[in-house]
Amino acid sequence: MTRQEFLNQVLSPLGRLTAEERENVRRELEEHVEDRMEALLEMGWDAELAEARCLEAMGDPAEIGREMARQYRGRGWLWIGRMAVALTVVVCIQALLGLGMLGAAWDSLSVRFCPSTAISIGELENVETVVDLDIRAEIGNDILRVYMVFVGEKDGQRAAMVLACMYDRLPFGIVADGLASRSELWNERGGTGTSAGGSGNYRAEYAVRWTPVEPGDTHVVWEYRAIGETVRLEIPLPGGEETV
């Protein structure tokens, strides 16, 4: 499937959007495809193969389109259209004040369907495999999602690097901050690495962590600790069924 075909399928259920609104959504989706491709291109992937992999990783385009339509169902497309003028005013104000409200609102939606890979992967070298995941857990009003695992080398040793995000269960809701600082990634021997970066805002939090692994390891564990609560997500490793 080409990028154009993918985008057309996503936009198909959003028939009530104006031409300008559809173009804005298309542009945002294009940027997210480019974001996902960037990490693979930096690792030496062919551009055509990287694009195909990123489109595949984003999921079923028809389902993404239906989910986006459901997010707005009942809110009134006519009302949204009329609010475009007010939103333009807000954009002008936030441009002056540096609030970033519009970008944060988009982050709240995009993190649900195509979380960003344009965050540091900690200079992981000699990448063997990249696997897309969808492992989720509810934490209060938030959702913690592990969505990608890399296996390669870090600081001269074999390592697994995992990307995770967190967002509020309700679109545009405020998410708890501190995902990176409250998380650890453990291997099967109880060892852990360090944080490889994090980013986000009050609508979407991202974090990257790594831990040393050995051939034959079947999984690593993402542990998130908040006040009075600990969540542990077991993350399968590609090729973990193999033995040495």
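The values are calculated or read from the model by the stated rules, or taken from the named source; none is laboratory data. Everything numeric here is computed off the predicted structure, so don't read it as measured data. Cβ placement follows ideal geometry from the backbone for every residue including glycine, while neighbour counts extend to all protein chains displayed. The protein model used for the area step is the full one, side chains on, heavy atoms only, and it has no ligands, DNA or RNA in it. Shrake-Rupley method; radii C 1.70, N 1.55, O 1.52, S 1.80 Å.
Quick notes on this structure:
- Here the stretch 110-231 exposes an accessible surface that is 48 percent carbon and sulfur, computed with a 1.4 Å probe and the other protein chains kept in place.
- Inter-label distance, nm, simple model (7 Å from Cα along the C-beta direction), residue 48/residue 141: 4.9 nm
- Given R0 = 35 Å, the distance between the Cβ atoms of residue 219 and residue 62 translates into a calculated FRET efficiency of 0.65.
- Protection proxy ranking for 186-195, 171-180, using the average of other Cβ atoms within 10 Å per residue and placing the highest first: 171-180, 186-195.
- Segment residue 231-residue 202, length gained on full extension (0.36 nm per residue, minus Cα span): 8.4 nm
- Between the beta carbons of residue 20 and residue 181, assuming R0 = 41 Å, the FRET efficiency works out to 0.55 to the nearest 0.05.
- Computing FRET efficiency as 1/(1 + (r/R0)^6) for residue 170 and residue 128, where r is the C-beta to C-beta distance and R0 is 35 Å, gives about 0.35.
- Projecting label points 7 angstrom from Cα along Cα→Cβ for residue 8 and residue 153 puts them 4.5 nm apart.
- Solution diffusion estimate, µm²/s, Stokes-Einstein, the stretch 123-212, Kirkwood Rh from C-alpha pairs, 4 °C, viscosity 1.567 mPa s: 95 µm²/s
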